[in-house]
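These notes concern the structure reproduced below.
The values are calculated or read from the model by the stated rules, or taken from the named source; none is laboratory data. For clarity, every value in this text was computed on a predicted model and none was experimentally measured. Heavy atoms of the whole protein, side chains included, go into the accessibility calculation; ligands, DNA and RNA do not. Shrake-Rupley method; radii C 1.70, N 1.55, O 1.52, S 1.80 Å.
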Amino acid sequence: MLGIGIAIGMLAGTTGTHGSARGRMTLLAGALGLLVGILLSGSADIGTVTGALFGLLGAAFACLIVSDVVAGAGKREGSGSSALAFLVSLAALLVVAIALLAKPAILLVAAALFWLGLSRRRRAQRKHAGLRVLR
């Protein structure tokens, strides 16, 4: 369920929204992840609550990270971020394939998303720390 939730969050994050729209999109992705987790928990031989929780967490987590990446690319490129959204959609399909064929490998995808979010946050903090010195 974690992999399917991550794929849902990646697709929701391709909008590249920021601010309150990003929060609403994350809530929508979480709700979809929760619903899919409930629906698919029987076929995955896990409890309904566990499947729903993994779907919710995966979707919200991936939506936050991917929307930040797509929004940052949109700021740098202007309106040419639709190609990036297409590539993220293809990556989401790959995540679904990994989730269905190699279930333990989805933990590597989650770790890669976590590392991406952490590295973007560190880079932003260094950038702002440098700008504070200039004042």
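Under the Kirkwood approximation for Rh and a Cα-based Rg, what ratio Rg/Rh is obtained for segment 1-91?
On the way: Rg = 13.7 Å, Rh = 12.9 Å.
Taking Rg over the Kirkwood Rh, I get 1.06.
If you plug each phi of segment 29-40 into the Karplus form 6.51 cos²θ - 1.76 cosθ + 1.60 with θ = phi - 60°, what whole-Hz ³J(HN,Hα) values come out, in order, with x for Gly and Pro?
Values per residue, Gly and Pro as x: 4, x, 5, 5, x, 4, 5, 5, x, 5, 5, 9 Hz.
Give the carbon-plus-sulfur fraction of the accessible surface of the chain in %, rounded to a whole number; probe 1.4 Å, heavy atoms of protein chains only. Walk me through the intermediate numbers first.
Values: 5870 of 8260 Å².
Roughly 71 percent of what the probe reaches on the chain is carbon or sulfur.
With every protein chain left in place, what is the accessible area per residue of the chain in square angstrom, probe 1.4 Å? The partial results should precede the final answer.
Values: 8260 Å² over 135 residues.
Heavy-atom accessible area per residue stands at 61 Å².
LEU87 to ARG123: extension gain in nm, 0.36 nm per residue of separation minus the Cα-Cα distance? Write out the running numbers ahead of the final one.
Numbers: separation 36, 0.36 × 36 = 12.96 nm, distance 2.32 nm.
Result for the pair: 10.6 nm of gain on full extension.
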